[in-house]
Amino acid sequence: MTKPDTLSKVPAVTLLFWILKILATTLGETGGDAVSMSLHLGYLLSTGIFAILFTVAVVAQISVRNFHPLLYWLTIVATTTVGTTLADFADRSLGIGYAGGTAILLTLLLASLGLWYRTLGTVAVDTVSTPRAEAFYWITIMFSQTLGTALGDWTADSAGLGYRGGIILFGSLLALLATAYYWTKLSRTALFWAAFILTRPLGAVVGDFLDKPIADHGLNLSRFTASAVLTGLILAGILFFKQSPARRSH
């Protein structure tokens, strides 16, 4: 039998994990925009609302003893929605701009990973089984989700690639990481975090592509409709496909 302490409180990294992660990050974009823009609550108030939901979800996630898929993915969605509105608030309302916001958030993300490694000696997700490791994990994820929003917007808007160009760019980068995973001996932990970070800007540009006006090269779908469909797909993935907790390698 497997000892309890050999199991992580986060899911094993499988194809299903990455599909759900991309769906969740896309939902974060459409859901965040639905609240801040469609409901006209603004970036600051929306960030406050999602920050409360994020805090409650993280506390619940840390307090449980075992891996619970529904709670885990709820927390992921909470990180990506707060990341969306927080990045938009910093980039647009505070006037930092996409480039400035991306640089600041990248620094915070690297600092979080560095402090995590310095404190616990590893940032491997299969070791996330203690409250301290989980706290680092969720703080790092929140920074990565916020960074991804700023990076996706910067690529699509400032860099001029548009939503389709952004999808091709980030999709290609993820394909390269997958190739490196199967054909090289590069650090699996480094490849995981690189892929985890890149799925967020991919979700950002996909979300914008779904709900932005046709004149802006989007599909002009309702943010609420897109969010509802994405939520349904995530729930289907959770309910109909089994996910196991990651097994610690040591």
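The values are calculated or read from the model by the stated rules, or taken from the named source; none is laboratory data. Everything numeric in this text was worked out from a predicted model, so none of it was measured. Backbone-built Cβ (ideal geometry, glycine too); neighbour counts: all protein chains shown.
In the set VAL35, VAL59, which member is β-branched (Val, Ile, Thr) and touching a residue at least 12 places away in the same chain (Cβ under 8 Å)? Spell out how you get there, then give the answer.
On the way: VAL59 fails: touching a residue at least 12 places away in the same chain (Cβ under 8 Å).
Every option except VAL35 fails the conditions.
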Only one of THR47, THR2, THR84 is at pLDDT 90 or above, hydroxyl-bearing (Ser, Thr, Tyr) and either in a helix (DSSP H, G or I) or surrounded by fewer than 16 Cβ atoms within 10 Å (Cβ to Cβ) (or both). Can you tell me which? THR47
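Can you confirm whether ASP157 is more than 30 Å from ASN220 (Cα to Cα) and at pLDDT below 90?
Considered against the rule, which asks whether it is more than 30 Å from ASN220 (Cα to Cα) and at pLDDT below 90, ASP157 comes out as no.
In this structure, does LEU7 turn out to be in contact with a strand residue (DSSP E or B) (Cβ under 7 Å, 6 or more places away or on another chain) and at pLDDT below 95? Steps first, please.
Values: in contact with a strand residue (DSSP E or B) (Cβ under 7 Å, 6 or more places away or on another chain): yes; at pLDDT below 95: yes.
It is true that LEU7 is in contact with a strand residue (DSSP E or B) (Cβ under 7 Å, 6 or more places away or on another chain) and at pLDDT below 95.
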Subset of the range 112-133, residues hydroxyl-bearing (Ser, Thr, Tyr), modelled with pLDDT under 90 and assigned to a helix (DSSP H, G or I), comes to THR127
Do any residues in the range 183-209 that are farther than 20 Å from ALA156 by Cα have Cβ atoms under 6 Å from those of residues that are of a type outside the set (A, V, I, L, M, F, W, C), where the two are at least six apart or on different chains, and which pairs are they? LEU191/TYR181
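Assigned to a helix (DSSP H, G or I), crowded, with 18+ Cβ neighbours inside 10 Å and either touching a helix residue (DSSP H, G or I) at 6+ places or on another chain (Cβ under 9 Å) or at negative phi (or both): does that describe LEU109?
Yes.
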